[in-house]
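Below: one structure, written as structure tokens.
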Amino acid sequence: MEKKFSFQTHLLHNKWKVDEQTGAVSVPIQHASTFHQFDFDTFGKYDYSRSGNPTREALEDTIAELEGGVRGFAFASGMAAISTAFLLLSKGDHVLITEDVYGGTYRMITEVLSRFGIEYTFVDMTDLHEVACHIRPNTKVIYVETPSNPLLKITDIRGIVKLAKANGCLTFLDNTFMTPALQRPLELGVDVVLHSATKFLSGHSDVVAGLAVVKDEELANRLYKLQNAFGAVLGVQDAWLVLRGLKTLHVRLQQSTQSALKIANFLAKHPKVEEVYYPGLSYHPGHSVHRYQAEGPGAVLSFRLADEEAVRTFVKHAKIPVFAVSLGAVESILSYPAKMSHAAMPKEERERRGITDGLLRLSVGLEAADDLISDFERALSYVKEKRRSKLPS
Ligand SMILES: Cc1ncc(COP(=O)(O)O)c(C=O)c1O
């Protein structure tokens, strides 16, 4: 990225600002699946759109620039990006993975990769000692989500990178919750950054997309081969939608982060809310590590009510947010991890990780924070007061 511009300006003022052939101020959508070869012996830059397409390339170059990488790759979904990156592994390799990882990633590892002889261990990545203890001679990847989904646990990225490098492993990091506007893991030594671009990067709940970025040419070549071989590439209309969403990334995240902090403080003081998980709260266990490695706490928080009944009542009476799977959009989204993002996880595994039946996740959108707070205050007034049963003496 050219250093003379701030990230905010760079989102708009970049190589794709104006189409060189026509002057168009929006990247042209190139629908062609195949490209005429003008010379029998020397093929042009593009031959077939699975292997390369100018519109997808504009997005791939843009995300590479924003993350500070050498090359980006666009996929049909976040899971396609994550799964393709996992194809860097071979039979007999071992992955160390963060405990409260996104449910789809959990499913990919435990139900799919395991069938191909890839071993895995889930660890609490807030504890570097725990991570170090579980590294094996065949560990090839340490897989991080920070903040994690849905408990917003913070992993010390620099600490993990140090361990990974000392043990000859790659570090993969899912940067979906932060985006490069708030956290640039490649600059901290991470090898592969992954995104569900379905979320903040596109920002409008109207596209499913995934991205991967690397900063090493050799790794880029290996990942390109896998992208082309596996073939789960992003369509051109969707690539264009992500490019358009990116233009407003900074302003959307800035506004939503401000509101999230206000809402987290409101919820934390409410007697019917048992716990609030948000890295912007000074008493969040990962607050200081997060501040050291990221530029803001982001727009996602989780909170715990007493039980499923309390959640049902709250969701029924909250009028502003949509109740839906997903996050990172202009509208606020309330999700129920137990039945949504983490439904793929067995109940006992889920609860052991703190994803209980009383947990709700909120992705704060662009509505006025005070309107959201009034809405939640009203919804909470319908939630029954729980009398805690006295402990036996
Ligand atoms: C943190 C995180 N990573 C990856 C994914 C998967 O992305 P997609 O739904 O675009 O496949 C999600 C989806 O919710 C997610 O929240």
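Brief remarks follow.
- The residue that is farthest from residue 181 (Cα to Cα), among those in the range 269-288 that are small (Gly, Ala, Ser) and open to solvent by 40 Å² or more (accessible area, probe 1.4 Å), is 282.
- Residue list for the range 325-357, restricted to those being free of Cβ contacts under 8 Å to residues at least 12 places away in the same chain and either of a type in the set (D, E, K, R) or within 15 Å of the ligand (Cβ to nearest atom) (or both): 339, 347, 348, 349, 351, 352
- Extreme residue, farthest from residue 186 (Cα to Cα), among residues of the range 61-86 that are more than 16 Å from the ligand (Cβ to nearest atom) and of a type in the set (D, E, K, R): 61
- Output for the range 241-268, where each listed residue is under 18 Å from residue 361 (Cα atoms), open to solvent by 10 Å² or more (accessible area, probe 1.4 Å) and β-branched (Val, Ile, Thr): 257
- Single match in 207, 273 (criterion: assigned to a loop (DSSP other than H, G, I, E, B), touching a helix residue (DSSP H, G or I) at 6+ places or on another chain (Cβ under 7 Å) and within 16 Å of the ligand (Cβ to nearest atom)): 207
Yes/no matrix, rows are residues, columns are (1) more than 16 Å from the ligand (Cβ to nearest atom); (2) open to solvent by 10 Å² or more (accessible area, probe 1.4 Å); (3) within 25 Å of residue 334 (Cβ to Cβ):
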site: 201; (1), (2), (3): no, no, yes
site: 214; (1), (2), (3): yes, no, no
site: 235; (1), (2), (3): no, yes, no
site: 238; (1), (2), (3): no, yes, no
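- Residue satisfying all of: in the range 321-356; modelled with pLDDT under 95 and among the charged types (D, E, K, R); most open to solvent (accessible area, probe 1.4 Å) among these: 352
- Within the range 217-244, being in a helix (DSSP H, G or I) and β-branched (Val, Ile, Thr) holds for 236, 242.
- Residue match in the range 340-358 (condition: within 19 Å of residue 263 (Cα to Cα), part of a strand (DSSP E or B) and touching a Lys or Arg at 6+ places or on another chain (Cβ under 6 Å)): no
- Options 142, 118; residue that is in contact with a Cys (Cβ under 8 Å, 6 or more places away or on another chain) and open to solvent by less than 40 Å² (accessible area, probe 1.4 Å): 142
- The listed residues are 174, 206, and the only one of them that is assigned by TED's automatic domain parsing to the domain that holds residue 85, under 17 Å from the mean Cα position of the chain (by Cα) and surrounded by fewer than 24 Cβ atoms within 10 Å (Cβ to Cβ) turns out to be 206.
The values are calculated or read from the model by the stated rules, or taken from the named source; none is laboratory data. All of these numbers come straight from a predicted model, not from anything done at the bench. Neighbour counts are summed over all protein chains in view; Cβ atoms, including those assigned to glycine, are modelled from backbone coordinates with ideal geometry. These accessible areas exclude ligands, DNA and RNA; they are computed on the full protein's heavy atoms, side chains included. Shrake-Rupley method; radii C 1.70, N 1.55, O 1.52, S 1.80 Å.
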